[in-house]
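**Q** First the structure, which I've put down as structure tokens, then a few questions once you've had a look.
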Amino acid sequence: MVTIDKKVVLVTGGGRGIGRAIALAFAAQGNPVAVTGRTQSSLDQVADEIRRLGADAVAFACDVTRRQEVEALKAEIEGALGTAQILVNSAGMAPAAAFLDMEDQLWEEVFKVNLTGTYYGCKVFLPGMIACGWGRIINIASTVAKVAYSHITAYAASKHAVLGLTRALAIEMARKRVTVNAICPGYVDTEMTRSNAKAMAEKTGKSVDQILDIFKKTSPQGRLIDPKEVGDLALMLASNAAGGITGQAINVDGGAVMV
Ligand SMILES: NC(=O)c1ccc[n+]([C@@H]2O[C@H](COP(=O)([O-])OP(=O)(O)OC[C@H]3O[C@@H](n4cnc5c(N)ncnc54)[C@H](OP(=O)(O)O)[C@@H]3O)[C@@H](O)[C@H]2O)c1
């Protein structure tokens, strides 16, 4: 297990799935953690779990596509926990659609959440990290930030863009003791994967379990990734030991993608 200094952590999309697992991983190390997302009830549940682990928590609802709400989130965290020096941008969406059938609105929404939401997080929370002289930004991208599959043009394009943002910002922050990295998971055992499997099952006449098996077989390890595995990698990237790792995009996918 990696140990890290106690810093205030913000996890967007922290109410469930990968974000929740990351929030709990940091809380288990004693870090104060703020979780955000649009659904207050799920944030409150995660905040209770964080407190049961002995860490302070803030559960503040915010839509990451709205800059004013992200600014309000910052003020809330500063008042309750202090300056957030570790930011994990995990909020995201991954709807599938055939390119020619895809509504413009879907394209715009996917970019707003996956890219602009990540951009607002970085923009609003970076100044505090720079002022403290130490910071970590961890963007949850996807293996689809490096390779692509059919029927996810908006998702693939938005996640490729998240890598571009990560890499360019990493260079800009390189002399400020703020690292900026991306984690690129393959299929993770979360609501997002299950709802995509359900949608594919409805389209193909296969069962959800059959589709999940197809997802598993894309990985040489033949399994879905546990969200906790992403949490553990986030901890590693936030540690002082990872101070020299920046601008990287690290896959957690059982060996499915090797670029
Ligand atoms: N699951 C996978 O296989 C997989 C693989 C690679 C990458 N990823 C990436 O990992 C991240 C987390 O995925 P997941 O599997 O944990 O998905 P998930 O279970 O669907 O959770 C997504 C989270 O994002 C939040 N969210 C969505 N839109 C938001 C918005 N506008 N403002 C604030 N929060 C918002 C959701 O909360 P509310 O709905 O309450 O707002 C939810 O907490 C995403 O960026 C995803 O693209 C996932």
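**Q** Setting aside same-chain residues fewer than 8 positions from Lys159, which lysines have a Cα under 24 Å from its Cα?
**A** Straight-distance partners of Lys159: Lys112, Lys123, Lys146, Lys198, Lys216, Lys217, Lys228.
**Q** To the nearest 10 degrees, how steeply does helix 191-204 sit against the main Cα axis of the chain, on a 0 to 90 scale?
**A** 10 degrees
**Q** By how many degrees, 0 to 90 and rounded to 10, does the Cα axis of helix 67-80 deviate from the longest principal axis of the chain?
**A** Helix 67-80 sits roughly 50 degrees off the main axis of the chain.
**Q** Regarding the stretch 119-258, what whole-number volume in Å³ per residue does the convex hull of its Cα atoms give? Please list the in-between numbers first.
**A** Working: hull volume 15.6 nm³, N = 140.
Output value, Cα hull per residue: 111 Å³.
**Q** Here is a further query. Grab the other residues whose beta carbon is less than 14 angstrom from that of Val257, score K and R as +1, D and E as -1, and report the net.
**A** Details: positive: Lys146, Lys159; negative: Asp253.
After counting each charged neighbour, the total is +1.
**Q** If I build a Gaussian network model for the chain, linking alpha-carbon pairs within less than 10 angstrom, which residue out of Asp101, Asp232, Asp44 has the largest mean-square fluctuation?
**A** Among Asp101, Asp232, Asp44, the largest GNM mean-square fluctuation belongs to Asp101.
**Q** With angles folded into 0 to 90 degrees, how steeply does helix 208-217 sit against the dominant principal axis of the chain? Use alpha carbons for both and round to 10.
**A** The angle comes out at about 70 degrees.
**Q** Sort out for me the Cα centre separation of the stretch 64-131 from the stretch 209-259, rounded to whole Å.
**A** Spelled out, the Cα-based centre of one part sits 21 Å from the other.
**Q** How large is ³J(HN,Hα), in whole Hz, for each residue of the stretch 90-96 in order, when computed from phi with the Karplus curve 6.51 cos²θ - 1.76 cosθ + 1.60 and θ = phi - 60°, using x for Gly and Pro?
**A** 10, 4, x, 9, 9, x, 9
**Q** Once you keep just the Cα pairs under 8 angstrom separated by 6 or more residues, what percentage relative contact order results for the chain? Spell out each step's value before the answer.
**A** Numbers: 549 pairs, mean separation 52.3, N = 259.
That works out to 20 percent.
**Q** Divide by every residue of the chain the summed helix terms, -39500 (n - 2.57) for each DSSP H run of at least 4, and state the resulting mean residue ellipticity at 222 nm, rounded to the nearest 500 deg cm²/dmol.
**A** Estimated from H runs of four or more residues: -14500 deg cm²/dmol.
**Q** Let me ask something else about it. Quote to one decimal, in nm, the extra length available between Ser41 and Gln68 on full extension: 0.36 nm per residue of separation minus the C-alpha distance between them.
**A** Going from the current span to full extension adds 7.6 nm.
**Q** Under a point-charge model restricted to the Cβ atoms of Lys and Arg (+1) and Asp and Glu (-1), what is the dipole moment magnitude of the chain relative to its Cα centre, in debye to the nearest 20?
**A** That gives the chain a dipole magnitude of about 600 debye.
**Q** Of Tyr120, Ala242, Gly79, which is farthest towards the positive pole of the chain's charge dipole, taken about the Cα centre with +1 and -1 on the beta-carbons of Lys, Arg and Asp, Glu respectively?
**A** So the residue furthest toward the plus end is Ala242.
Laboratory data are not the source of any read-out in this text; all were calculated from the coordinates shown. All values derive from a computational prediction rather than experimental measurement. When we count neighbours, we look across all protein chains shown, and the Cβ atoms used for this are built from the backbone with ideal geometry, even at glycine.
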